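Quick note: the coordinates plus some simple rules give every number you see, no bench work behind them. Here the structure is a predicted model, which means the values were calculated and not measured. Cβ: placed from backbone, ideal geometry, glycine included. Neighbour counts: every protein chain shown.
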Amino acid sequence: TTVLLLVAAEIDTLVVLLWWNNGMLGKYSAALSIASSGLAVVGGTLHKVLFPHLAQTQDPNEQIRLLRHGIFSAALLLGGLTMVLMGIVPWLIPILFGSAFRDAIGVTEVLLVAYLFVPLKTVIIQSLRGVGVSTPGSVAAALSLGLFLLVVWPLGKALGLVGVGIAFGVANAAAVGYLVLHVSRRDGFSPRAADEKTGLRVHVAILGARQH
């Protein structure tokens with residue numbers, strides 16, 4: 001899952017590197033830095049807040065309730081931040097990168113929407129892994145990567161860098177949709193997952209005791 005997530009997170013930059021010149025890559029990189037930096041920080045913070053609560057909760061039904069609440073809160077916060085960034089991007093790009101990068105504003109706006117789904121996807125996957133459920137994360141990572149590769153060629157050819165951003169957004173939105181559907185259909189996590197989680201805690205406790 002981790003390898004798939006890393007590849008899926010960087011595949012759009014790799015496509016731009018392979019298909020366009022250094023000038024276009026520079027504009028895409030500038031847009032990407034604005035779109036991904038703030039959202040990634042917020043997503044990482046949300047995961048650090050949510051994960052301990054999931055790990056401490058023994059009741060599978062409570063775990064799924066916490067996860068659903070966390071997904072909703074993450075979506076609200078990330079959506080709000082995206083709207084703020086969308087409003088200041090037309091001024092932010094020229095200030096940070098100069099007037100030569102004004103034509104990167106459109107790409108940045110598209111990437112802001114696209115990258116809204118990346119930290120949300122990561123929060124859900126890591127939270128599921130934290131309670132012993134890893135398969136949906138692997139499926140979601142593979143889905144986002146495969147769908148991006150499927151649609152990036154026609155969209156990139158028709159719309160240029162904006163098309164790459166749209167393809168990236170569509171792929172990650174589909175992955176988040178799959179994960180949300182998976183979580184919404186669950187009444188709780190399986191006993192097997194809970195047993196694996198408990199076993200891991202016992203193993204860690206034994207190792208800690210041996211060290212002392």
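Points to keep in mind about this one:
- Nearest-0.05 FRET efficiency for Thr2 and Leu181, computed from C-beta distance (R0 25 Å): 0.65
- Estimated distance in nm for a label pair at Asp103 and Arg68, the labels positioned 7 Å out from Cα along Cα-to-Cβ: 4.9
- Extension gain, Asp59 back to Ala75 (0.36 nm per residue minus Cα-Cα distance, nm): 3.3 nm
- ³J(HN,Hα) computed for each position of the range 151-163 - Karplus, 6.51 cos²θ - 1.76 cosθ + 1.60, integer Hz, glycine/proline x: 9, 5, 5, x, 6, x, 5, 7, 10, x, 4, 4, x
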